[in-house]
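Beneath this line is the structure, given in structure tokens, with notes to follow.
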Amino acid sequence: MPDNKPLLVTSPLLPSLQDLSVCLSDIWKSKWVTNHGQYHNRLEETLGSYLKTDNCFVFNNGTIALLVALKLFDFKLNSEVITTPFTFAATAHSIAWNQLTPVFVDVKQDGTICPKSIEKAITDKTCAILGVHVYGTPCDVEAINKIAVKYDLVTIYDAAHAFGTEIDGVGIGCFGDITMFSFHATKLFNTIEGGCLTTPHTDLHKKIYLLRNFGISDEASVLEIGINGKMNEIQAAVGLLNLDLVAEEKKKRHTLREKYNHIFSAIKGVSVQQLPENVTYSEQYYPVFIDKEKAGFSRDQMYDQLKQKNIYTRKYFTPICTDFVPFKDYQIVTNHSNAVIDSLKSQVLCLPFHSDVTDVHLHIIRDSVTNMTYLLANK
Ligand code: T4K
């Protein structure tokens, strides 16, 4: 292992300290450090055009942004929100924190929410669909939109992994009624902690603005039960600086993706993420899917094997939400004879995917997996 340093699944993209200190001096001089400052406003403007959405509301983290997205529509208490269990806990928690009921449905083979299972789960209490563009793979936005129109449902997307994803040149944040992006340190574009909402509905803008800032409309009036979702000036400065670095990091990850693809094309039973030609990769994660029968080894064996070599992969997203204590009694609605998620959750492994991954690391990964195939076949 180069330097014997552990190789982690992700590594934050960070601006140079020199560049950051220029911004910090400026912020210090201005003495305006949060509450819709200059850097905050500039980041919102810049991101709006980067994401091709015209509008963008930045938040102090993605989870608060998602809480606000769900709060916007004044859903009746305990209404049902159909969602996927194949996601980070924050997706389901945001529903429950709004005193709404998550209804978990099955996924497609690519890990995104299954439209047929969504339709099966609809009841007269359903108010919304919350899909997740997991690993930057877009949900079937067309099919979901048809269902939403047919049953008069709100469509919310969690695009925590899909920063910069486009379908036919259209920003992923343009689909559905509202979309959340996460800018956590583990995301390719990050503000250390942060996130944003985008929506095509201009009539929602004022309410988002209010909900993000305690519902305050002016010094003397509070119009909504809001929260403190504001991004501070230091986060925003990191964001503006990082935005300049994203293209280069994406290029490096694209090359890394190709190298990984090449390695796994020679390994039976391991498949990789394949997006349709009209969709761009967010370059957020590099998931592989291990079919134990075909590969001769399991996902967990690969995880352990790489860990022994100081390479730390992650089983995003195993356990799934319905394996967690708060949701353990929830069923998964499926339109398939065997729930797709049951096999998917034992197959997926996210490999280190960032520009610190070197060719030496790749050789270790390739050799470890190849040796595993050989050793297990000759056991
Ligand atoms: N929806 C989805 C689909 C999401 O994936 C997420 C977040 C959200 C909603 C919520 O958005 P935020 O509220 O977070 O903006 C991490 C992140 O904390 C979380 O943001 C992310 N998803 C999730 C998929 O991954 P953990 O528990 O895996 O984090 P942790 O601390 O184990 O770190 C992961 C890896 O990153 C480790 O190998 C170490 C490395 N790392 C981490 C940090 C924090 C670093 O190298 N430097 C760092 O500063 O949740």
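The values are calculated or read from the model by the stated rules, or taken from the named source; none is laboratory data. As the structure is a prediction and not an experimental result, all values here were calculated from the model. Glycine gets a Cβ as well: all are built from the backbone with ideal geometry, and neighbour counts include every protein chain shown.
In summary, Gly62 fulfils each of the numbered conditions (1) farther than 18 Å from Thr101 by Cβ; (2) surrounded by fewer than 24 Cβ atoms within 10 Å (Cβ to Cβ); (3) not charged (D, E, K, R) with the single exception of condition (2).
Selection of the range 99-110 for residues being surrounded by 20 or more Cβ atoms within 10 Å (Cβ to Cβ) and either modelled with pLDDT under 95 or farther than 26 Å from Asn338 by Cβ (or both) yields only Leu100.
In the range 147-175, how many residues are assigned to a loop (DSSP other than H, G, I, E, B) and crowded, with 18+ Cβ neighbours inside 10 Å?
Result for the range 147-175: 9.
Does Lys116 satisfy the criteria of being surrounded by fewer than 23 Cβ atoms within 10 Å (Cβ to Cβ) and part of a helix (DSSP H, G or I)? When the stated conditions are applied, Lys116 passes them. Among the residues of the range 124-154, those that are away from the ligand (no atom under 16 Å from the Cβ) and not hydrophobic (A, V, I, L, M, F, W, C) comprise Asp124, Lys125, Thr126, Asp140, Glu142, Asn145, Lys146, Lys150, Tyr151, Asp152.
All of (1) within 16 Å of the ligand (Cβ to nearest atom); (2) in a loop (DSSP other than H, G, I, E, B); (3) at pLDDT below 95 hold for Leu13 with one exception: (3). Residues in the range 176-223 that are away from the ligand (no atom under 16 Å from the Cβ), buried (at least 19 other Cβ atoms within 10 Å of the Cβ) and not in a helix (DSSP H, G or I): Asp177, Thr199. For the condition touching a residue at least 60 places away in the same chain (Cβ under 8 Å), away from the ligand (no atom under 16 Å from the Cβ) and among the basic types (Lys, Arg), Lys120 qualifies.
Inspect all residues belonging to the range 215-223 and state whether any of them is of a type outside the set (Lys, Arg) and in contact (Cβ under 8 Å) with a residue 24 or more places away in the chain. No, that holds for no residue. When both residues are 6+ apart or on different chains and their Cβ atoms are under 6 Å apart, which pairs have a first residue that lies in the range 256-279 and is farther than 21 Å from Asp359 by Cβ, and a second that is exposed (fewer than 14 other Cβ atoms within 10 Å of the Cβ)? That search, which allows pairs on different chains as well, returns Lys268/Lys294; Gly269/Lys294; Asn278/Asp168. The single condition among (1) within 19 Å of Ser117 (Cβ to Cβ); (2) of a type in the set (Gly, Ala, Ser); (3) within 13 Å of the ligand (Cβ to nearest atom) that Ala339 does not satisfy is (3).
Condition check: within 16 Å of the ligand (Cβ to nearest atom) and farther than 30 Å from His354 by Cβ. Does Asn228 satisfy that? When the stated conditions are applied, Asn228 passes them.
Among the residues making up the range 32-56, those that are in contact (Cβ under 8 Å) with a residue 40 or more places away in the chain, in a loop (DSSP other than H, G, I, E, B) and either among the acidic types (Asp, Glu) or within 16 Å of the ligand (Cβ to nearest atom) (or both) are Leu51, Cys56. Among the residues making up the range 57-88, those that are away from the ligand (no atom under 15 Å from the Cβ) and not polar (S, T, N, Q) are Lys71, Leu72, Phe73, Asp74, Phe75, Lys76, Leu77, Glu80, Ile82.
Number of residues in the range 127-146 that are buried (at least 19 other Cβ atoms within 10 Å of the Cβ) and either basic (Lys, Arg) or not in a loop (DSSP other than H, G, I, E, B) (or both): the value is 11.
Each row is one residue, and each column tells you yes or no for (1) within 13 Å of the ligand (Cβ to nearest atom); (2) free of Cβ contacts under 8 Å to residues at least 24 places away in the same chain; (3) not hydroxyl-bearing (Ser, Thr, Tyr).
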site	(1), (2), (3)
Thr322	no, no, no
Asp329	no, yes, yes
Ile332	no, no, yes
Asn335	no, no, yes
Leu344	no, no, yes
Ser355	yes, no, no
Val360	no, no, yes
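Hey, any hits in the range 67-74 for a residue that's part of a strand (DSSP E or B) and either at negative phi or surrounded by 14 or more Cβ atoms within 10 Å (Cβ to Cβ) (or both)? Looking through the range 67-74, none of the residues is part of a strand (DSSP E or B) and either at negative phi or surrounded by 14 or more Cβ atoms within 10 Å (Cβ to Cβ) (or both).
Cβ-Cβ contacts under 8 Å between residues 6 or more apart (or on different chains), taken from a first residue in the range 158-173 that is touching a residue at least 60 places away in the same chain (Cβ under 8 Å) to a second residue that is away from the ligand (no atom under 13 Å from the Cβ) and among the aromatic types (Phe, Trp, Tyr), are listed as Gly164/Tyr50; Thr165/Tyr281; Ile167/Phe175.
Among the candidates Gly164, Gly169, Gly173, the residue that is more than 10 Å from the ligand (Cβ to nearest atom), of a type outside the set (Lys, Arg), on the phi > 0 side of the Ramachandran plot and more than 12 Å from the chain's Cα centre (by Cα) is uniquely Gly169.
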